[in-house]
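Asker: Shown below is the structure under consideration.
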Amino acid sequence: MVEIRDIRTHLSNLVAEAVEEAVRTGDLPDVAIPGPGIERPKDVSNGDYASTLPLRLARAALMPPLDVARAIVKHLPADGTLDPVEIAPPGFLNFRLAASYLQAQVDAVVSRGGSYADLTLGTGKKAQVEFVSANPTGPLHVGNGRGAAIGDSLASALAAAGYEVEREYYVNDAGTQTDTFGDTLYARYQQIFGREAPIPDDGYPGEYMAELAEEIARLHGEDYLRPEGEAAPADMSALGIELMVKKIGETAERFGVHYDEWFSERSLYEGEKPYETAMGILRANGQLAEREGALWFSSSELGEAKDNVVVRSDGRPTYYASDIAYHYDKFVRRGFGLVIDVWGADHHGHVSRVKTATRAVGGDADNLHILLYQLVTLKRGGEIVRLSKRSGDFITLDELIDEVGKDAARMFFLLRSPGSQMEFDIDLAVKQSSENPVFYVQYAHARLASILQRASEQGVTPEGGDVGRLTAPHELALIREMLRLPEAIEQVATTFEPQHLPHYAMTLATAFHVFNDAFKQAGDSSMKVITEDAELTRARLRLVQAAKIALARVLELMGVDAPERM
């Protein structure tokens, strides 16, 4: 039996064999043959898969598309996975999976369990997904939450596709913003001890800074106080950032995100000093130039609109220089074959020059994918909730988790493509009805679990269920939907568009609700999952067990819990 994850490849091979045989027998001319292009048809009534090969081959073959289609079908090898292939005008090949094949996949899903839908697409390849990476000068806010959901779910999909994946947070603990952060924190720290210490004009006025200062005072007392008028102690900034990164990590864990690496920007200038190595490569290639007292990367020679400063006139590296060294470190020093950076849309102008610099220092810029996501607008009671991080008047990710829960937050953030503007409806996210996507999907999983639990209490299990008894249209429709999960994972892992996961989850949940409700509406005792026919019951429970596995898997990929009861 063909593996679930290989069905499209299998169909492609069947068509390729048929074309080869048609050419050998003279039914088709010996011309360049495009790929079979096996795809899901938009209209499911046309079958499970379709190919437009006859249309694409007709001109080169000097034959009507329908004649090309007939020649291909004539030579298709006999195959147990398919019903007879249909030819449809103006030249489509429509494929329907045989009922016997669909039935067998129920056992296949159950046997693979939690590894169902795993792929080999990325086997042997190292991938890194770097996401959120907000400056550690404040707590994570709602916008960061969208980046976290996108990056983490994308990493999960890549792992399911076979990649060896690392999740990384880039800690901006070097540069001028850390100095400003330290000065603000020291002002707040002094205020605790009764001093009149104003917050710097360009400082961080949020209440969280006062809370951070209170924590330092609680841990260290007056150890960091200097005589009035003196600058902040040198290690105040580092201590504050350490505490803030800890808080960011705690928020990430609450959100279901676990980072494999917290990469310090400072490390680029220490130890093996990737910064010096990267700059040395550019210098050796003649791509650095000194002018106006600064050091410039001659990026215009590599296709950029202008050159870019990498070292300021005061001798301090720019953020761009750090990014060059960081991507050198990712590709060359650590050897990632695929790197995905998840950035806010305000970094759009930075994308091209980072890819150019990555290529210049020996990184594989073609495998550097920078995913930009738009900001989030919160709505409550139909009103927009305004966000303003700089003024301190912003909604933290912790506050959103407290209000709607981790699951609703993550799934809502994933529903729209990263590049789309997003309105997050808080009222909808807490609504316990089918209008709420996360409730709708989780309720389906809970119903699946409830059926299995009720059967178990009656002494009936799915073990040994004869899947050949699954012949009703709604049963086969549910199986068909389960079989789309490997394709959904492949789609996310190749397009880097994680919104396909929640959309798939909702269609799978709908297929189950239709399946389950069909029994309720029938009014016939034989038309239930648990019936007086023990063998039929076991077969249907086997399907319920498989559907539960598939739904739990997609929920897991989104970082959303799969509840046993609701």
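The values are calculated or read from the model by the stated rules, or taken from the named source; none is laboratory data. Since we're looking at a predicted model, the values are computed, not measured. With ideal geometry, Cβ positions are generated from the backbone for all residues, glycine too; neighbour counts draw on all protein chains shown.
Asker: Here are some conditions: (1) out of contact with any strand residue (DSSP E or B) (no Cβ under 8 Å at 6 or more places or on another chain); (2) on the phi > 0 side of the Ramachandran plot. ASN172 meets all but one. Which one does it not meet?
Answerer: Of everything listed in (1) out of contact with any strand residue (DSSP E or B) (no Cβ under 8 Å at 6 or more places or on another chain); (2) on the phi > 0 side of the Ramachandran plot, ASN172 misses just condition (2).
Asker: Among ASP202, ASP260, which is acidic (Asp, Glu) and either exposed (fewer than 12 other Cβ atoms within 10 Å of the Cβ) or without any contact (Cβ under 8 Å) to a residue 40 or more places away in the chain (or both)?
Answerer: Numbers: ASP260 fails: either exposed (fewer than 12 other Cβ atoms within 10 Å of the Cβ) or without any contact (Cβ under 8 Å) to a residue 40 or more places away in the chain (or both).
Only one candidate passes the filter, namely ASP202.
Asker: Follow-up. Test PRO41 against the stated conditions and say whether it is modelled with pLDDT under 95, assigned to a loop (DSSP other than H, G, I, E, B) and within 11 Å of PHE92 (Cα to Cα). Quick ask: steps written out before the conclusion?
Answerer: Working: modelled with pLDDT under 95: yes; assigned to a loop (DSSP other than H, G, I, E, B): yes; within 11 Å of PHE92 (Cα to Cα): yes.
So PRO41 fits the description; yes.
Asker: Restricting to the stretch 251-272, name every residue that is over 21 Å from the mean Cα position of the chain (by Cα) and assigned to a helix (DSSP H, G or I). Break it down stepwise before answering.
Answerer: Residues of the stretch 251-272 that are over 21 Å from the mean Cα position of the chain (by Cα), as a first pass: 264-272.
Hits for the stretch 251-272 are GLU265, ARG266, SER267, LEU268, TYR269.
Asker: Considering only residues that are surrounded by fewer than 17 Cβ atoms within 10 Å (Cβ to Cβ), at pLDDT 95 or above and assigned to a loop (DSSP other than H, G, I, E, B), which ones fall in the stretch 15-38?
Answerer: Passing the criteria: GLY26, PRO29.
Asker: Looking at the stretch 176-204, which of its residues are in a helix (DSSP H, G or I), among the hydroxyl-bearing types (Ser, Thr, Tyr) and within 35 Å of the chain's Cα centre (by Cα)? Even if it seems obvious, please write down each step before you answer.
Answerer: The first filter runs over the stretch 176-204 and keeps only residues in a helix (DSSP H, G or I), leaving 176-192.
Then drop every residue that is not among the hydroxyl-bearing types (Ser, Thr, Tyr), which leaves 176, 178, 180, 184, 186, 189.
Those that are in a helix (DSSP H, G or I), among the hydroxyl-bearing types (Ser, Thr, Tyr) and within 35 Å of the chain's Cα centre (by Cα): THR176, THR178, THR180.
Asker: Of all the residues that make up the stretch 44-54, how many are closer than 29 Å to THR120 by Cβ and assigned to a helix (DSSP H, G or I)?
Answerer: Selection size over the stretch 44-54: 2.
Asker: Are there any pairs with C-beta distances below 6 angstrom linking a residue in the stretch 55-77 that is in the same structural domain as PRO36 (by TED's automatic domain parsing) to a residue that is charged (D, E, K, R) and assigned to a helix (DSSP H, G or I), with the two at least 6 apart or on different chains, and if so which?
Answerer: Close Cβ pairs (under 6 Å, with a partner that is charged (D, E, K, R) and assigned to a helix (DSSP H, G or I)) amount to HIS75/GLU21; PRO77/GLU17.
Asker: Residue check, ASP235 against (1) farther than 30 Å from ILE401 by Cα; (2) touching a residue at least 24 places away in the same chain (Cβ under 8 Å), all met but one. Which one?
Answerer: It fails just one condition, (2).
Asker: Within the stretch 210-233, identify whether any single residue is hydroxyl-bearing (Ser, Thr, Tyr) and not in a loop (DSSP other than H, G, I, E, B), and answer yes or no.
Answerer: Looking only at the stretch 210-233, we keep the residues that are hydroxyl-bearing (Ser, Thr, Tyr), and these are 224.
Then keep just the ones that are not in a loop (DSSP other than H, G, I, E, B); that gives none.
No, there is no match, as no residue in the stretch 210-233 is hydroxyl-bearing (Ser, Thr, Tyr) and not in a loop (DSSP other than H, G, I, E, B).
Asker: Could you say whether any residue in the stretch 396-409 is touching a Pro at 6+ places or on another chain (Cβ under 8 Å), outside any helix (DSSP H, G or I), under 28 Å from GLU556 (Cα atoms) and modelled with pLDDT of 95 or more? Reasoning before the result, please.
Answerer: First pass over the stretch 396-409, keeping only residues touching a Pro at 6+ places or on another chain (Cβ under 8 Å): 396-398.
Filter once more, keeping what is outside any helix (DSSP H, G or I): 396.
After this cut, where a residue has to be under 28 Å from GLU556 (Cα atoms) as well, the list is 396.
Keeping just the survivors that are modelled with pLDDT of 95 or more gives none.
No; the residues of the stretch 396-409 include none that is touching a Pro at 6+ places or on another chain (Cβ under 8 Å), outside any helix (DSSP H, G or I), under 28 Å from GLU556 (Cα atoms) and modelled with pLDDT of 95 or more.
Asker: Now for a separate question. Taking only the stretch 44-57 into account, find how many residues are polar (S, T, N, Q) and at pLDDT 95 or above.
Answerer: Within the stretch 44-57, the first condition is being polar (S, T, N, Q), and the residues that meet it are 45-46, 51-52.
Of the ones still in play, those that are also at pLDDT 95 or above are 51-52.
Of the residues in the stretch 44-57, 2 are polar (S, T, N, Q) and at pLDDT 95 or above.
Asker: To continue, here is another question. Taking helices (runs of 4 or more DSSP H) that do not extend beyond the stretch 419-510, which have at least 3 residues that are of a type in the set (Gly, Ala, Ser) and more than 17 Å from the chain's Cα centre (by Cα)? Before you say what the answer is, go through the steps one by one.
Answerer: Details: elements: 426-429, 437-457, 473-482, 485-495.
Filter on the stretch 419-510 gives 437-457.
Asker: Looking at the stretch 378-390 only, could you name the residues that are in a strand (DSSP E or B) and farther than 21 Å from SER153 by Cβ? Walk me through how you get there before you give the answer.
Answerer: As a first pass, look at the stretch 378-390 and keep what is in a strand (DSSP E or B): 378-380, 383-385, 388.
Listed by number, the residues that qualify are LYS379, ARG380, GLU383, ILE384, VAL385, SER388.
Asker: Counting only residues that are closer than 28 Å to ALA321 by Cβ, hydrophobic (A, V, I, L, M, F, W, C) and in contact with a Gly (Cβ under 8 Å, 6 or more places away or on another chain), how many does the stretch 171-201 have?
Answerer: Kept after step one, since they are closer than 28 Å to ALA321 by Cβ, are these residues of the stretch 171-201: 171-186, 200-201.
Cutting the leftovers down to hydrophobic (A, V, I, L, M, F, W, C) gives us 171, 174, 181, 185.
If we keep only those that are in contact with a Gly (Cβ under 8 Å, 6 or more places away or on another chain) too, we end up with 181, 185.
Total satisfying the criteria: 2.
Asker: If you don't mind, there's one more thing I want to ask. Among the residues in the stretch 348-355, are any within 26 Å of TYR163 (Cβ to Cβ) and free of Cβ contacts under 8 Å to residues at least 24 places away in the same chain? Give the steps one after another, and end with the answer.
Answerer: Restricting attention to the stretch 348-355, the residues satisfying the condition of being within 26 Å of TYR163 (Cβ to Cβ) are 350-352, 354-355.
Filter again for free of Cβ contacts under 8 Å to residues at least 24 places away in the same chain, leaving 351, 355.
Yes: the stretch 348-355 contains one or more residues that are within 26 Å of TYR163 (Cβ to Cβ) and free of Cβ contacts under 8 Å to residues at least 24 places away in the same chain.
Asker: Something else about it: With the requirement that a residue be hydroxyl-bearing (Ser, Thr, Tyr) and in contact (Cβ under 8 Å) with a residue 24 or more places away in the chain, what does the stretch 1-54 give you?
Answerer: The initial filter retains those residues of the stretch 1-54 that are hydroxyl-bearing (Ser, Thr, Tyr), namely 9, 12, 25, 45, 49, 51-52.
The answer is SER12, THR25, TYR49, SER51, THR52.
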